[in-house]
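So the structure is just underneath, and the comments pick up after that.
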Amino acid sequence: MKSVASAPAKIILFGEHFIVYGGKAVLCSIDKRITVESELTTANNIEIESSLGRLAIPKSGSYKDTDLVFRPLAYIAQKTLEKFNSESGMRIRVSSEFPSGVGLGSSSACCVAAAGSISGLFGKLTKEEILKIAIDAERTIFENTSGADCTVCVYGGILEYSKDGHIRKLENAPNLELVVANSGIAHSTSKVVSMVRQFKDGKPEIFSSLCTKEANLIEDALDALQKNDLGKLGKLMTQNQEFLEKIGVSNDTLSSMISLVGGASYGAKLTGAGDGGCIIALADKSNLEKVLGALAEKYECFSAKIDTVGLEQRAS
Ligand code: MEV
């Protein structure tokens with residue numbers, strides 16, 4: 001039997017970085033997926049195959065010795081085989097509809113899809129149990145994760161989230177049209193998070209005042225989302241970008257991409273850790289083509305819709 005699970009890419013509408021220090025974030029999952037297929041084998045190893053390469057590790061080895069790219073998968077496979085006292089080996093295949101390392105949550109989506117797929121070989125876990133495995137797996141490569149990315153990959157839709165575990169899926173959330181554009185600059189989330197920690201430690205008062213402003217902005221954004229007020233939402237995105245610039249996670253490329261869509265979209269900002277990765281711009285049917293056109297000549301970009309499903313699992 002093969003067990004298949006898929007999880008969506010995510011974008012952070014508001015609150016990246018500030019969430020690590022106790023703030024709220026507003027995230028959504030989008031209609032691009034990572035799929036993980038796993039099966040038990042008679043071999044004595046765990047085989048992993050993805051667009052990032054191939055790997056076979058002995059079942060008895062430690063996931064800690066595995067290359068960072070595959071470490072969360074090795075962790076989930078080893079822990080699950082151990083938990084069920086299984087003598088089997090495992091084959092895992094990963095395929096993705098979106099690029100990795102650009103702020104779209106590929107690592108979290110992969111952890112969630114792998115936790116769903118691999119646990120599905122032995123029975124059915126709840127979404128909460130799968131989320132816990134996925135966050136533990138992500139911590140093998142990014143110890144300080146807020147857990148926000150894995151959470152939205154599991155539940156889908158637009159979520160209000162805080163690190164203490166508060167999760168609220170927005171009911172009747174608008175069906176946003178977003179344009180995602182890739183700067184082509186790869187980044188490391190854990191490095192950017194460390195940069196922000198240095199900023200906070202060096203300028204505690206400025207950071208604390210920005211946290212307060214961000215918290216107020218998020219309350220306004222939640223209100224604008226409930227009212228489907230795209231004009232207000234876009235302005236708040238642009239304002240959030242200014243806060244992100246102040247803490248040093250934007251760069252010239254991201255700023256110039258945001259300027260390119262300034263006139264055409266309702267608003268734009270970087271999404272995720274920053275220092276590279278992607279920007280998002282808010283649009284609707286009236287200006288979608290114009291926003292895409294403003295970016296398409298220089299950058300890989302696509303329009304995205306909210307995914308309301310989150311984690312999906314099936315056996316085949
Ligand atoms: C990364 O997608 C979002 C950050 O806020 C880190 C985190 O929440 O773990 C930068």
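Thr212 exposes around 80 Å² of accessible area when a 1.4 Å probe is run over every protein chain in place.
Quote the relative contact order of the stretch 177-305 in percent (integer), defining contacts as alpha-carbon pairs under 8 Å separated by 6+ residues.
After rounding, I find 43 percent.
Here the peptides 134-142, 12-20, 256-264, 297-305 are ranked by packing, the mean other Cβ count within 10 Å, and the order with the highest first is 12-20, 134-142, 256-264, 297-305. Residues in the stretch 207-217 carry Karplus couplings, in order, of 5, 5, 5, 5, 4, 5, 5, 5, 4, 5, 4 Hz; the curve used is 6.51 cos²θ - 1.76 cosθ + 1.60 with θ = phi - 60°, and Gly or Pro positions show x.
Checking the cross-link pairs Lys59/Lys191; Lys59/Lys124; Lys246/Lys305; Lys24/Lys64; Lys10/Lys127; Lys83/Lys127 against a 20 Å limit on the alpha carbon distance flags Lys59/Lys191; Lys59/Lys124; Lys246/Lys305; Lys24/Lys64 as lying beyond it. Solvent-accessible area of the stretch 241-287 (1.4 angstrom probe, protein heavy atoms only): carbon and sulfur portion equals 47 percent. For Thr308, put the label point 7 Å out on the Cα→Cβ axis and report which residues of the stretch 101-127 keep their amide N under 16 Å from it. Taking a point 7 Å out along Cα→Cβ of Thr308, no residue of the stretch 101-127 has its backbone N under 16 Å.
For Ser188 and Asp164, the FRET efficiency from 1/(1 + (r/R0)^6), where r spans their Cβ atoms and R0 equals 25 Å, is about 0.45.
Report relative contact order for the stretch 2-172 in percent, whole number only (criteria: Cα-Cα under 8 Å, sequence separation at least 6). So the answer I get is 32 percent.
Each residue of the stretch 8-14 was assigned a 3J(HN,Hα) from its phi angle through the Karplus curve 6.51 cos²θ - 1.76 cosθ + 1.60 (θ = phi - 60°); the sequence is x, 5, 10, 10, 9, 6, 8 Hz, with glycine and proline shown as x.
Over the stretch 191-316, one equal point on each Cα, no solvent: what is log10 I(q)/I(0) by the Debye formula at q = 0.14, 0.17 Å⁻¹? So the normalised log intensities work out to -0.71, -0.97. Coupling constants for the stretch 141-150 follow from the phi torsions by the Karplus curve (6.51 cos²θ - 1.76 cosθ + 1.60, θ = phi - 60°), and in residue order they are 10, 8, 4, 8, 4, 6, x, 4, 5, 4 Hz; glycine and proline get x. Ellipticity at 222 nm from helices only: DSSP H runs of n ≥ 4 in the chain, each -39500 (n - 2.57), divided by the residue count, give -12500 deg cm²/dmol.
Taking a ≥ b ≥ c as the square roots of the eigenvalues of the Cα gyration tensor of the stretch 113-166, is the shape rounded (a/c under 1.5), prolate (a/b larger than b/c) or oblate? Because a/c hits 1.5 or more and a/b fails to exceed b/c, the stretch 113-166 counts as oblate. For the chain, the solvent-accessible area of protein heavy atoms averages 43 Å² per residue (probe radius 1.4 Å; ligands and nucleic acids excluded). Filter the GluC sites (Glu not before Pro) in the stretch 171-225 to those in DSSP coil with at most 16 other Cβ atoms within 10 Å of their Cβ, and list the result. Taking the stretch 171-225 and a limit of 16 other Cβ atoms within 10 Å, the loop GluC sites (Glu not before Pro) found are Glu171.
A dipole drawn for the chain from +1 and -1 charges on Cβ atoms has a positive end, and of Phe142, Gly202, Val36 the residue lying farthest that way is Val36. When a 1.4 Å probe is rolled over the protein heavy atoms, the share of accessible surface on the stretch 30-140 that falls to carbon and sulfur comes to 49 percent. In this structure the amide hydrogen of Met90, modeled in the peptide plane, comes within under 5 Å of the amide hydrogens of Thr41, Asn45, Ile46, Glu47, none closer than 5 places in sequence on its chain.
The values are calculated or read from the model by the stated rules, or taken from the named source; none is laboratory data. Just so we're clear, the structure is a prediction, and the values are computed from it rather than from any experiment. Virtual Cβ from ideal backbone geometry, glycine too; neighbours counted across all protein chains shown. Calculation scope for accessible area: heavy atoms of the full protein, side chains included, ligands and nucleic acids excluded. Shrake-Rupley method; radii C 1.70, N 1.55, O 1.52, S 1.80 Å.
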